[in-house]
Amino acid sequence: MKSALTATLATLLFGGAALAGDLPAGRNLPPVPELPSFYSWTGFYLGGQVGYSWERDRVREFSAPARFATGYGARFSSDTALGGGHAGFNYQMGSVVVGIEGDLEAVNARGGLTDALGPGATRRDWQASLRGRIGYAFDRMLVYGTAGAAFSEFEFSYRNGAAGLAERLKASKTGWTAGLGIAYAFTDAVIASVEYRYTDYGRFDHVGLGAFAGLIAEQEPAMQ
């Protein structure tokens with residue numbers, strides 16, 4: 001196979017020389033057209049984003065310390081618009097692009113419920129994530145998946161109308177997030193993308209210390 005390839009190349013070279021010799025004097029071959037340049041996704045980037053989050057929270061009530069289910073439970077939503085900034089780094093290998101990205105967003109998540117003893121409310125003011133990314137590039141278009149850790153702070157408040165007491169708790173939580181996205185490079189410096197992510201913070205407890213002493217509220221928030 002190697003000798004056959006060498007022979008083919010030699011034929012092409014000699015054939016080209018003969019063709020050049022047949023051209024009229026003073027005539028040159030037309031210039032070779034430039035090969036198209038492909039967009040490179042390698043490098044650092046930063047930007048801003050806006051979006052919307054649909055959050056669903058489930059609450060179940062237990063007695064402490066035996067954790068006996070009282071039978072009370074509720075579901076409520078705290079949907080919110082969001083906005084913030086992100087930064088990351090991509091590295092392209094052929095058509096495969098890998099990278100890491102972090103973001104920080106302001107949110108205005110508010111939700112509430114009412115049980116037999118009184119109202120309860122939850123709120124979040126910010127959220128963040130740190131994620132890995134892997135995708136496939138079609139020149140200036142990138143289709144990718146992303147997954148990593150999510151961070152936020154929850155604030156819970158409850159009021160016991162019968163006892164006239166209230167209590168509040170703040171809890172910083174870490175969860176997981178994963179999603180898909182598509183990005184397009186309109187210029188070498190301007191990239192637009194659309195991304196969908198699901199985020200879950202698992203289950204955690206709010207232990208009553210004042211208004212609902214002796215009770216545990218199990219929170220289970222998730223958002224997309």
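Looking across segment 152-191, just one residue is of a type in the set (S, T, N, Q) and in contact with a Leu (Cβ under 7 Å, 6 or more places away or on another chain), and that is N160.
All of (1) small (G, A, S); (2) within 17 Å of G83 (Cβ to Cβ); (3) modelled with pLDDT of 95 or more; (4) surrounded by 15 or more Cβ atoms within 10 Å (Cβ to Cβ) hold for G148 with one exception: (2).
For A87, the criteria (1) closer than 30 Å to A183 by Cβ; (2) surrounded by 16 or more Cβ atoms within 10 Å (Cβ to Cβ); (3) of a type in the set (A, V, I, L, M, F, W, C) hold in every case but one, which is (2). Filter segment 157-181 down to residues that are open to solvent by less than 80 Å² (accessible area, probe 1.4 Å) and among the charged types (D, E, K, R) and give me whichever is farthest from the chain's Cα centre (by Cα). This residue is E167.
Being in contact with a Ser or Thr (Cβ under 7 Å, 6 or more places away or on another chain), of a type in the set (A, V, I, L, M) and closer than 24 Å to G84 by Cα: is that true of I182 here? Let's see the steps before the verdict.
On the way: in contact with a Ser or Thr (Cβ under 7 Å, 6 or more places away or on another chain): yes; of a type in the set (A, V, I, L, M): yes; closer than 24 Å to G84 by Cα: yes.
In short, yes.
Within segment 196-224, track down each residue that is among the aromatic types (F, W, Y) and closer than 18 Å to L113 by Cα. Passing the criteria: F204, F212.
The values are calculated or read from the model by the stated rules, or taken from the named source; none is laboratory data. Computed from a predicted structure; not experimentally measured. Neighbour counts run over all protein chains shown; Cβ positions are idealised from the backbone, glycine included. The protein model used for the area step is the full one, side chains on, heavy atoms only, and it has no ligands, DNA or RNA in it. Shrake-Rupley method; radii C 1.70, N 1.55, O 1.52, S 1.80 Å.
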